[in-house]
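Below is one structure, written out as structure tokens; comments come after it.
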Amino acid sequence: MPSPDVTSSEFKATAYAFYAELRRKDPVYAAKLPDGQTAWLVTRYDDVNRALKDERLFKDKRKLRKRAGLTKLPGFLRSLEALERNMLDVDPPDHGRLRGLVHKGFTPRRVEQMAGRVERLADELLFKVGTEGSFDLLREYALPIPSTIISEMLGVPASDHVRFHRWSRDIVAASAGKNLLRVLPSVLSLFRFLRYLKRVIARKSAEPEDDLISALVQAEEASDRLSADEVLAMVFLLVVAGHETTVNLIGNGALALLQHPGERERLRAEPALYRSGVEELLRFYSPVEVATERYAREPIELAGVTIPKDGLVCPVLASANRDENMFERPDELDVRREKNPHLAFGDGIHFCLGAPLARLEGRIALEKLLSHRPNLRLAVSPDELRFRRGLHLRGLESLPVALG
């Protein structure tokens with residue numbers, strides 16, 4: 001099959017049809033990325049699920065550099081090495097240690113305590129946009145909810161929220177490009193953000209409060225604590241990953257419901273369906289399209305295809321979630337769907353730690369939106385909507401909607 005640029009906005013618009021073809025004809029597909037790398041796209045549900053838990057695959061990029069004779073990042077990139085010490089990019093036993101410590105500061109109780117705050121925030125944002133005219137649902141609603149919530153959970157002072165949001169927004173936008181540093185409006189944005197986080201972490205270490213950063217600093221298990229670099233990497237991961245998944249869940253979910261008015265009205269008529277509805281929206285338009293990188297420890301076989309040692313393996317969550325061998329009527333949106341073992345948050349040891357918070361924010365945000373703005377509609381033709389570039393994420397650049 002001809003290889004498209006799977007990171008392009010144009011590809012995102014037709015990706016589901018391409019994945020369906022791959023599942024039929026070429027379920028482990030060698031795609032060429034813009035940087036010249038070959039990425040092995042795994043597209044069938046069973047194979048994706050297996051790859052997410054396959055011990056023959058590793059995630060730590062430092063192992064690749066070591067094999068190539070590079071023990072450190074080159075030049076000024078060396079100052080970013082601390083960010084690689086996060087639980088998403090390491091393997092056992094480091095992963096289990098980090099996740100166990102981080103979980104101490106990210107308990108279900110802490111997440112449930114945020115429900116009332118998410119409801120008030122959604123009400124405030126909807127009040128600001130009014131009841132007439134038009135607005136960008138992503139910029140003015142979907143983004144501020146997770147951005148504000150994670151800021152408050154981390155313990156970022158209210159007076160710093162504006163610049164904190166600006167820096168984190170730059171990083172989120174940059175993650176959709178070919179190279180994180182090249183596409184930042186200024187390289188200084190990233191370094192200023194990290195410098196700010198280091199100051200906050202130092203302050204919380206000296207004077208802990210009732211917030212997530214303090215909990216991470218104090219988290220201890222078997223006399224083991226997170227190092228300063230590990231706390232920094234974990235906070236950075238929570239900010240960036242927290243933004244992306246939830247912004248895309250709210251934005252993609254709203255788009256799906258605007259495209260399927262019958263399902264939207266069913267939710268409004270039966271609010272008890274919002275929990276299953278959010279799960280269906282996660283399946284239908286997966287916020288994370290392709291799981292983060294994994295590398296083959298040795299030549300391995302998947303679906304009859306041999307992947308070479310150190311080969312880049314990318315399980316396609318969006319494709320698995322539309323696999324006709326796992327889901328009935330996979331291309332239909334059904335908020336009443338009962339059997340829904342989607343992989344939107346991954347699986348295995350790297351299952352998304354923030355999944356409960358994303359579900360909570362997505363459910364409340366969409367329920368408030370539909371109940372308070374029942375006449376919401378797209379303000380542009382669907383053909384005018386553009387997806388952001390990037391391999392891993394599925395999210396719109398903007399979502400103009402009209403009221404009244």
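Bear in mind these aren't lab numbers, they're just calculated from the coordinates by the rules spelled out. If you're wondering where the values come from, they're calculated on a predicted model, not measured in any experiment. Glycine gets a Cβ as well: all are built from the backbone with ideal geometry, and neighbour counts include every protein chain shown.
Remarks
- Footprinting exposure proxy for Lys63, Lys25 (fewest neighbouring C-beta atoms within 10 Å first): Lys25, Lys63
- Loop-located GluC sites (Glu not before Pro) in segment 79-147 (DSSP state not H, G, I, E or B) with no more than 14 neighbouring Cβ atoms inside 10 Å: Glu132.
- Residue-wise HN-Hα coupling along segment 394-400, computed from phi with Karplus coefficients 6.51, -1.76, 1.60 (Hz; x: Gly, Pro): 10, x, 7, 6, 7, 9, x
- Size of electric dipole in the chain: Cβ of Lys, Arg +1 and of Asp, Glu -1, about Cα centre, debye, nearest 20: 980
- Sites Asp331 and Leu258 - FRET efficiency at Förster radius 22 Å, r taken between beta-carbons, to 0.05: 0.80
- Of the GluC sites (Glu not before Pro) found in segment 195-283, those in coil by DSSP whose Cβ has at most 14 other Cβ atoms within 10 Å are Glu209.
- Segment 182-314 shape via C-alpha gyration tensor axes, a/c threshold 1.5: oblate
- Inter-site label distance for Thr14 and Arg225 at 7 Å from Cα along Cβ, in nm: 5.6
- Cα centroid of segment 321-359 to Cα centroid of segment 244-285, whole Å: 13
- Point-to-point label distance, Ser205-Ser134, nm (Cα→Cβ direction, 7 Å offset): 5.0
- Reference-scaled alpha-carbon Rg (2.2 N^0.38 Å with N residues) for segment 249-389: 1.20
- Selected from Thr38, Ala206, Gly277, residue furthest toward positive end of dipole (the chain; charges at beta carbon): Ala206
- Orientation-averaged projected area, Cα convex hull of segment 9-403 (nm²): 19.4
- If R0 is taken as 22 Å, the Cβ-Cβ distance between Lys198 and His103 corresponds to a FRET efficiency of 0.45.
- At R0 = 41 Å, FRET efficiency that the Cβ-Cβ distance of Asp310 and Asn375 yields, to 0.05: 0.15
- Furthest towards positive pole of dipole, Leu257, Gly116, Phe11, structure part the chain, Cβ charges: Phe11
- Counting 0.36 nm for each residue step from Lys61 to Arg110 and taking away their Cα separation leaves a gain of 14.4 nm.
- At q = 0.30 Å⁻¹, base-10 log of I(q)/I(0) for segment 278-334 (Debye sum, equal scatterers on each alpha carbon): -1.14
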